[in-house]
Amino acid sequence: MSQMLSVVVPVVLLIGWATRSRYGLALVTGVSGAVSAAVTVGVWLAGRWSDADRWPGVVGLFELAGLLLLVVLTLRAEDGRACAAAVWTVGGAVSLWVSRFAFASGPESVLTLFGFGASFSLPAVLIGLYLRGLDEGRRGAVAEARRAQRLELAHDLHDFVAHDVSGMVAQAQAGAYLAAVDPVRAVAMFERIEQAGQRALASLDRTVQLLRTEEGTGRSPQPGIAELREVTERFTASGGPGVLLELPDQPVPREVSGTVHRIVVEALTNVRRHAQGARRIEVRARCGGDWLELTVMNDGLAPDPVGQPRRGGGSGLPGLAARVEALGGTFEAGANEQVAWCVTVRLPLAGREQPERPVSPTRTGTGVRERSR
């Protein structure tokens, strides 16, 4: 009769596994351990098994495997008092299981019972804790990657959208004046404002779409040095001062190219915001040895009298400095004796893959281009 009790726990395990999503693994594990301990007590009362009882022992091995598997899964998925209580319950049940057999009777079997339970329960506990540590590390890595991606998207908004919006503000200020004295030029100015607005909206749409996705896949390639000519031409066409642009004459790593693009865009944006009186801007990117040296200089001395200057600063330069330092470079920005403001950057070229080559090394001034020497 007592042999029929050996199938009780396997049935409970099957029912508990089917209902684990509803009640939770900790509860299923705790109940299964408690039932196993109760079955052991029932075997004591009904008559212990002997060595000749083969099939209760085989079924009991499946019972132990199921209980220990529940311990591993519970420790991996859950935490807290309920989890600890469930694990302790199963550990006690596993330790008592061998006492269902007659050969385990007597006071000397106490050490045997605890040794048997520890030999099975401890590895299961360690495996469960190890798997939980791996899961927590994986979740932390995913969270950090998403945080870094959101910071990168925020930098994109600051670098590109702010550049277009600041251009729209500057052109709107000039357009308000031209509308009264030269309506034809004002119409062209408002068309450029519309184009800048479309670019800003497109950048916002891409950013919002990326923020809505669960993973950061499908991101379009970021602009680099090759796009700087178009950036400077749009800047001058929108009413900014002439830009002398010098590009390197050798391949540039993609990370360095993207960083140079961001720095130049931020520098031009700051000229439009804070140095409306600038008449000349020089952007020089030169490669020497294992380093790329970038300088962006302007001679702005006074704000433009048209319109109101934008108050308050942003986080553009500190963010760019952190990006440059992450690549192993140096970043300096400030006034000097020759010009009103100068940004100087040195970026390492060695040890990078997938280089990007500019379309052609050129120097671009206001309406004049010549190949660099």
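Of the residues in the range 285-321, how many are open to solvent by 50 Å² or more (accessible area, probe 1.4 Å), modelled with pLDDT of 50 or more and either within 20 Å of Leu228 (Cα to Cα) or acidic (Asp, Glu) (or both)?
4
Inspect the range 121-140 for any residue being at pLDDT below 70 and surrounded by 13 or more Cβ atoms within 10 Å (Cβ to Cβ) and give the result as yes or no.
No - not one qualifying residue is present in the range 121-140.
Out of everything in the range 42-59 that is in a loop (DSSP other than H, G, I, E, B) and under 12 Å from Met4 (Cβ atoms), what residue ends up being modelled with the highest pLDDT?
Gly47
Take the range 225-234 and flag every residue that is touching a residue at least 12 places away in the same chain (Cβ under 8 Å) and open to solvent by 50 Å² or more (accessible area, probe 1.4 Å).
Within the range 225-234, Glu227, Glu233, Arg234 qualify.
Out of all the residues in the range 47-59, which are within 54 Å of the chain's Cα centre (by Cα) and open to solvent by less than 20 Å² (accessible area, probe 1.4 Å)?
Result: Pro56, Gly57.
Within the range 42-56, count every residue that is without any contact (Cβ under 8 Å) to a residue 40 or more places away in the chain and either closer than 22 Å to Trp88 by Cα or of a type outside the set (A, V, I, L, M) (or both).
Summing the residues that are without any contact (Cβ under 8 Å) to a residue 40 or more places away in the chain and either closer than 22 Å to Trp88 by Cα or of a type outside the set (A, V, I, L, M) (or both) in the range 42-56 gives 1.
Return yes or no: is Val260 closer than 23 Å to Gly288 by Cα, of a type in the set (A, V, I, L, M, F, W, C), open to solvent by less than 10 Å² (accessible area, probe 1.4 Å) and not in a strand (DSSP E or B)?
When the stated conditions are applied, Val260 passes them.
Being touching a helix residue (DSSP H, G or I) at 6+ places or on another chain (Cβ under 8 Å), open to solvent by less than 10 Å² (accessible area, probe 1.4 Å) and at pLDDT below 80: is that true of Ala237 here?
Here the answer is no, as Ala237 does not meet what is asked.
Yes or no, residue by residue, for (1) surrounded by 14 or more Cβ atoms within 10 Å (Cβ to Cβ); (2) modelled with pLDDT under 75; (3) within 14 Å of Gly16 (Cβ to Cβ):
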site	(1), (2), (3)
Leu61	no, no, no
Asp79	no, no, no
Ala86	yes, no, yes
Glu108	no, yes, no
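Restricting the search to the range 7-29, which residues are in contact (Cβ under 8 Å) with a residue 60 or more places away in the chain and closer than 30 Å to Arg54 by Cβ?
Thr29
Kindly check whether there is at least one residue in the range 21-34 that is within 19 Å of Ser119 (Cβ to Cβ), open to solvent by 30 Å² or more (accessible area, probe 1.4 Å), in a helix (DSSP H, G or I) and of a type in the set (Val, Ile, Thr).
So far as the range 21-34 goes, no, none of its residues is within 19 Å of Ser119 (Cβ to Cβ), open to solvent by 30 Å² or more (accessible area, probe 1.4 Å), in a helix (DSSP H, G or I) and of a type in the set (Val, Ile, Thr).
The values are calculated or read from the model by the stated rules, or taken from the named source; none is laboratory data. The model shown is predicted, which means the values in this text are computed figures rather than measured ones. Reconstructed Cβ throughout: ideal geometry from the backbone, glycine too, with neighbour counts over all protein chains shown. With ligands, DNA and RNA removed, areas are computed over all heavy atoms of the protein, side chains included. Shrake-Rupley method; radii C 1.70, N 1.55, O 1.52, S 1.80 Å.
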